[in-house]
Amino acid sequence: MNNLPQKYDEASRPIGVFDSGVGGLTVVKELNRLLPNERIIYFGDTGRVPYGNKSRETIIHYSLQVAYFLMKKKIKMLVIACNTASSVSLPTLKRHFHIPIIGVIEPGAKAAIENTSTNNIGVIGTLGTVKSNAYKKALKKISRKVNVYQDPCPLFVHLAEDGWNKNKIARMVADEYLKNLKGKDLDTLILGCTHYPLLKEVIQSSVGNKVALIDSGKETAKEVKRILDKRHLLNSRKLTEKNHSIFYVSDFPHKFKEVSQRFLSKELKHVHKVKL
Ligand code: DGL
């Protein structure tokens, strides 16, 4: 009974979410939908995006800088929304900080295993995510029976950011990228990149309706809810105008507003540029 007020206070603290840029807003969208009372402090490393083609060392270095910044905001939990950063930085961040930290890989892998009956699972993501084999390791850890087929689809990031996510060029690019995976009798395909949910329609029509698409961001939001609930850290109070989510970026690229609106499906208020 004694620690109730303390828990109450802790529960009202924000969730930290970070990504290499605006892509992580697809995860914020799912968090907002599932946990409308939660305040989010987001950091998008728009000045240094993309992470997908950078080395492990660089991504870990960037992730630590961002995590230190968010820790100063007294977050109760950290979500690494970026698949590339989740793939390589999660163990390091977990060693450095003592709040719950999750990436998007395990939740995506878990959902894929629950869905598959052919045991043939595909993974698409950035070059960094695919090269790290993070999804493959996470999938094999849950079930040794599964066959995992991976392919990087780097152009999808640019198509999503430019709003070319439903046109014929997107379809042509999807057909080209996915042609090897199509011969593998997949019944499950993990969208292992923040941007890919925006190309869902095109990817689905390219691989066909028999393949279920797993949105790692969506699965991660469910996992965040589960973890906070278990620790009695869900915020029970409604958010107010004063108590809103805040978005930090390391640069304001041209078209930032337009792109972020596309990812979040609403206007992004309270955006600040900061230097790490
Ligand atoms: N956010 C990245 C990811 O999910 C995609 C963009 C990038 O390469 O930084 O892997």
On Cα atoms only, tilt of 56-71 relative to the major axis of the chain in degrees: 30 degrees
For ASP151 and ASN37, FRET efficiency with R0 = 35 Å and r from the beta-carbon atoms, rounded to 0.05? 0.35
Calculate log10 I(q)/I(0) of segment 19-94 for q = 0.12, 0.20, 0.24 Å⁻¹, where I(q) comes from the Debye formula with a single equal point scatterer on each Cα and nothing for solvent. -0.31, -0.86, -1.19
Which log10 I(q)/I(0) values does the chain give at q = 0.12, 0.14, 0.16 Å⁻¹ under the Debye formula, counting every alpha carbon as one identical point scatterer? -0.71, -0.96, -1.24
Checked segment 198-276 with the C-alpha gyration tensor, a ≥ b ≥ c its square-rooted eigenvalues, rounded below a/c of 1.5, otherwise prolate if a/b is larger than b/c and oblate if not; verdict oblate
Could you calculate, for segment 1-158, the ratio of the Cα radius of gyration to the Kirkwood radius, expressed as Rg to Rh? 1.00
Taking the chain as a Gaussian network, where each spring joins two C-alpha atoms under 10 Å apart, which residue of PRO154, PRO253, PRO14 fluctuates the most? PRO253
If amide hydrogens are placed 1.01 Å from N in the peptide plane, which non-local residues have theirs closer than 5 Å to the one on TYR248? TYR42, PHE43, GLY44, HIS272
Taking Cα centroids, how far is segment 146-208 from segment 129-143 in Å? 18 Å
Whose amide H sits under 5 Å from the amide H of GLN150, counting only residues 5 or more places off or on another chain, with H placed in the peptide plane? VAL123
Can you list residues from other chains, or at least 5 along the same chain, whose modelled amide H is less than 5 Å from the amide H of GLY103? ILE80
Tell me, what HN-Hα J-couplings in whole Hz come from the Karplus equation 6.51 cos²θ - 1.76 cosθ + 1.60 at θ = phi - 60° for each residue of segment 75-90, using x for Gly and Pro? 6, 8, 7, 10, 10, 8, 6, 6, 5, 5, 5, 4, 4, 10, 9, 3
Give the relative contact order (percent, whole number) for the chain; include only Cα pairs under 8 Å separated by 6+ residues. 27 percent
Max mean-square fluctuation residue, GNM over the chain, Cα-Cα springs under 10 Å, options GLY16, GLY217, GLY183: GLY183
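How large is the helix-only mean residue ellipticity at 222 nm for the chain, computed as the sum of -39500 (n - 2.57) over DSSP H runs with n ≥ 4, divided by its residue count, in deg cm²/dmol to the nearest 500?
Values: 12 runs with 128 residues, N = 276.
Using -39500 (n - 2.57) per qualifying helix, the result is -14000 deg cm²/dmol.
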Segment 145-151 - phi-based ³J(HN,Hα) in whole Hz, Karplus 6.51/-1.76/1.60, Gly and Pro as x: 6, 6, 9, 10, 10, 10, 8
May I ask you to evaluate 6.51 cos²θ - 1.76 cosθ + 1.60, the Karplus curve with θ = phi - 60°, for each residue of segment 109-123 and list the ³J(HN,Hα) values in order in whole Hz, giving x for glycine and proline? 5, 4, 5, 5, 5, 5, 8, 6, 10, 7, 6, 10, 10, x, 9
To check my understanding: the extent here is largest minus smallest coordinate of the Cα atoms along each principal axis. What are those three numbers for segment 174-225, in Å, largest first? 36, 19, 16
Starting with the highest mean, order 62-72, 205-215 by the number of other Cβ atoms within 10 Å, averaged over the residues of each peptide. 62-72, 205-215
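Given a cut-off of under 8 Å on Cα pairs at least six residues apart, what relative contact order in percent is computed for segment 80-148?
Computed over segment 80-148, the figure is 36 percent.
Every number here is computed from the coordinates shown, using simple stated rules; none is lab data. All of these numbers come straight from a predicted model, not from anything done at the bench. Positions of Cβ are backbone-derived with ideal geometry, glycine not excepted, and every protein chain shown enters the neighbour counts.
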